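Asker: Next up is a structure, given as structure tokens.
The values are calculated or read from the model by the stated rules, or taken from the named source; none is laboratory data. In this text the structure is predicted, and so the values were computed from the model without any measurement. Note: ideal-geometry Cβ built from the backbone for every residue, glycine included; neighbour counts use all protein chains shown. Side chains included, ligands, DNA and RNA excluded: accessible areas come from the protein's heavy atoms. Shrake-Rupley method; radii C 1.70, N 1.55, O 1.52, S 1.80 Å.
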Amino acid sequence: MKHIYSLLFLLITSYCAHAQEEPLQEGVHNFTLQWIGWNTPGKVQIDKKENNIYTIKGEQRSVDKTEFATITGTLQVLSARELLFEGKIQTRTNDNNNGEVCDKTGTYHFLAKGDRKYWRLQEMDNCEGNNVVDYVDIYF
């Protein structure tokens, strides 16, 4: 009987600790734009500002430093799988938008769909148009 109570205590403690985990963890996270590559992620720093509001700042750069994705702003946690971003995302690749910077400033949504281990920017259209999309991802 003592073993059953010990096991029950461990299960309850584990459940409570997991339930209290923040859906967005502070610290360094991987950050990618598919045009630069998923195998060489950049880094973003995420810091808690208040309740469910976090700051985010970071970048991914190509090896030759000519292509990049940068992000600066705040994230509001709407759920474990949905973030509301306010700030600036800039991307630049040699082959899109005539090599010019694509500037997205405003309010955007990041979602983690299905079993994904990252949140993806939902407003994916690149400034070039013509059905060119940017997959901007923040990893758990």
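Asker: Keeping all protein chains in place and using 1.4 angstrom, which order do Trp38, Trp119 fall into by accessible surface area, from largest down? Intermediate results must be reported in sequence, preceding the final value.
Answerer: Numbers: Trp38 125, Trp119 5 Å².
Listed by decreasing accessible area, they come as Trp38, Trp119.
Asker: Can I ask one more? What FRET efficiency, computed as 1/(1 + (r/R0)^6) with R0 = 35 Å and r the Cβ-Cβ distance, is obtained for Leu111 and Thr66, rounded to the nearest 0.05?
Answerer: On the way: r = 30 Å, r/R0 = 0.85.
With R0 = 35 Å, the Cβ-Cβ based efficiency is 0.75.
Asker: Give me the number: length gained by fully extending Arg81 to Glu100, i.e. 0.36 nm times residue separation minus the C-alpha to C-alpha distance, one decimal in nm. Please list the in-between numbers first.
Answerer: Numbers: separation 19, 0.36 × 19 = 6.84 nm, distance 3.17 nm.
Net length gain for the segment: 3.7 nm.
Asker: Mind ranking Ser62, Ser79 by accessible surface for me, highest first, 1.4 Å probe?
Answerer: Values: Ser62 15, Ser79 50 Å².
Putting Ser62, Ser79 in descending order of accessible area: Ser79, Ser62.
Asker: Once the Cβ-Cβ distance between Lys57 and Asn131 is put in as r, and R0 is 30 Å, what FRET efficiency do you end up with, to the nearest 0.05?
Answerer: Details: r = 30 Å, r/R0 = 1.00.
It comes to 0.50.
Asker: Which GluC sites (Glu not before Pro) does region 59-140 hold that lie in a coil by DSSP with at most 14 other beta carbons within 10 Å?
Answerer: Values: sites: Glu59, Glu67, Glu82, Glu86, Glu100, Glu123, Glu128; in loops: Glu67, Glu100, Glu123, Glu128.
Counting only loop positions with at most 14 other Cβ atoms within 10 Å, the GluC sites (Glu not before Pro) in region 59-140 are Glu100.
Asker: Can you spot the lysines whose alpha carbon is less than 20 Å from Lys88's alpha carbon? Ignore those fewer than 8 places along the same chain.
Answerer: Of all the lysines, those that pass the test against Lys88 - Cα under 20 Å, at least 8 places apart if same chain - are Lys43, Lys48, Lys49, Lys57, Lys65, Lys104.
Asker: Tally Lys/Arg at +1 and Asp/Glu at -1 over every other residue whose Cβ is under 9 Å from the Cβ of Thr55; what's the total?
Answerer: Taking every Cβ under 9 Å from that of Thr55, the sum is +2.
Asker: Read phi for every residue in region 99-106 and hand back ³J(HN,Hα) as whole Hz from Karplus 6.51 cos²θ - 1.76 cosθ + 1.60, θ = phi - 60°, with x for Gly and Pro.
Answerer: With coefficients 6.51, -1.76 and 1.60, one gets x, 8, 5, 9, 10, 10, 10, x Hz.
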